[in-house]
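This report refers to the structure that appears directly beneath it.
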Amino acid sequence: MNGGQSESRGRVTVLAGRLSANRWVLSCGALAIFLVTWLAGEPVWGGIAVFLVLCAATVMAPAEPMRALAGTKPALAPALDNVSALSLADAIPDPIVFFDKEGVIVHANAAAAEAFGPLRSGSPVRLTFRTPEMQDLISRVLQAGAEKEGVDFTERIPVERLFRVTAAPVGEAEGLFVFVFKDQSEARRIDRMRADFIANASHELRTPLASISGFIETLRGPARNDAKARSHFLQIMEAQTARMARLIDDLLSLSRLEMKAFSRPGGTVDVAAVLGSVVDALRPLASELEVVVEKEIDAGPLSIRGDPDELFQVFENLVENACKYGQSGKRIIVSAARSQDGVVATVRDFGPGIPREHIPRITERFYRVDAENSRAQKGTGLGLAIVKHILTRHNARLEVWSEPGEGARFSVHFAPD
């Protein structure tokens, strides 16, 4: 009986709710019916009958059309009641870390674990974020309690990333606080790229532009009628413009890589196939420089996760450098093998080698061990910087070994998937 009574009460409540939700529609309908019957001189009972039919239609109509007629929307609360706060936090792409009034981590969402590594519940938040600005932010939030605070936080490992961190209390008198990290790395990197481009491009382009300007002035003056000199100067100007074009291409390539530094490639690449394509493409250059290219590549596919075009660019740069700067050794060895740590690909030359003091800096932009030789070999000073950025995106590392007089070895270590 109790169940039946509860069900009946529920139905009455629903019907009453429909009448209440549409009370203005029904009122307007009743007024219109009364006016029509009164003006027509018809009995009032007929109007009352029409009004009752209208009420019955309102009560029996499906819920969705009535909701649309009344201008109301479905309530979201019942759906959200079935979703936990932790699930909502994990669905947010920005790193989020919850901690209590004791400064102990309560929960970190999936984005936070991806950005900062595993953050265990129960560990002190001060030991996780040790920079002075974060320590100061934690102190201010725990002391102020209900105030929102924000600072800039830089994470430098494995690559530098800048976050705008906002700290705020969760609810009222809950004793919980939250860090929300907004990644500002891309915007900051764009600003830096603009500044670097202006500084480096102005420096690197000044020499060829000055050379071209000087030759143009000479061709307009003393060499105006000298066909031999004009041909020679135009040849030099062509070489200088080609150098500027290579520089601009490398700068654009580097900027594109920096824009997607945190985006891991999704395809699968066979390192052995890429190395084979690179060697085949550079055989004419090696023959021209009288360098023999030897391959020592393990049989079978050496598959890794990567972008084939970018990895071709990496090994093309390394093999080309080995041919040009290790030319005196007359041979280079290109090898690849699977190791316990993944796949290792190596390019070895037997040229003059690289002095040790230069090795830590050779992947910097525009850094040259021998500036004159590099320019003579048509280098832009950006090749190894591009290599470093591509390998960082592929979660790989570059290892350089060299001894003066014994050549140089560049090894690329790809981690297993």
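The figures follow:
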item: Among the residues listed as Val141, Val125, the single one being among the hydrophobic types (A, V, I, L, M, F, W, C), over 20 Å from the mean Cα position of the chain (by Cα) and within 21 Å of Glu160 (Cα to Cα); result: Val125
item: Members of segment 223-246 that are in contact (Cβ under 8 Å) with a residue 12 or more places away in the chain and charged (D, E, K, R); result: Arg243, Arg246
item: Segment 202-227, subset under 39 Å from the mean Cα position of the chain (by Cα) and surrounded by 15 or more Cβ atoms within 10 Å (Cβ to Cβ), residue farthest from Thr241 (Cα to Cα); result: Glu204
item: Test: residue in segment 270-277 that is touching a strand residue (DSSP E or B) at 6+ places or on another chain (Cβ under 9 Å) and in a strand (DSSP E or B); result: yes
item: In segment 228-257, the residues that are surrounded by fewer than 16 Cβ atoms within 10 Å (Cβ to Cβ) and closer than 18 Å to Pro308 by Cα; result: Arg256
item: Single residue of segment 92-117 satisfying the filter (over 20 Å from the mean Cα position of the chain (by Cα) and part of a loop (DSSP other than H, G, I, E, B)) that is surrounded by the fewest Cβ atoms within 10 Å (Cβ to Cβ); result: Glu102
item: Count of segment 306-329 residues which are over 14 Å from Ser411 (Cβ atoms) and in contact with a Phe, Trp or Tyr (Cβ under 7 Å, 6 or more places away or on another chain); result: 2
item: Filter result (farther than 27 Å from Glu406 by Cα, touching a residue at least 12 places away in the same chain (Cβ under 8 Å) and among the acidic types (Asp, Glu)) within segment 299-333; result: Asp307, Glu310
item: Lone unmet requirement of (1) polar (S, T, N, Q); (2) in contact (Cβ under 8 Å) with a residue 12 or more places away in the chain; (3) outside the structural domain of Pro95 (by TED's automatic domain parsing) for Thr166; result: (3)
item: Some residue of segment 357-367 being of a type outside the set (D, E, K, R) and at positive phi; result: yes
item: Meets criteria (free of Cβ contacts under 8 Å to residues at least 12 places away in the same chain, more than 28 Å from Leu257 (Cα to Cα) and either in the same structural domain as Ala408 (by TED's automatic domain parsing) or among the polar types (S, T, N, Q) (or both)) for Ser287; result: yes
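The values are calculated or read from the model by the stated rules, or taken from the named source; none is laboratory data. Please read these numbers as outputs of a predicted model, since none were measured by experiment. When we count neighbours, we look across all protein chains shown, and the Cβ atoms used for this are built from the backbone with ideal geometry, even at glycine.
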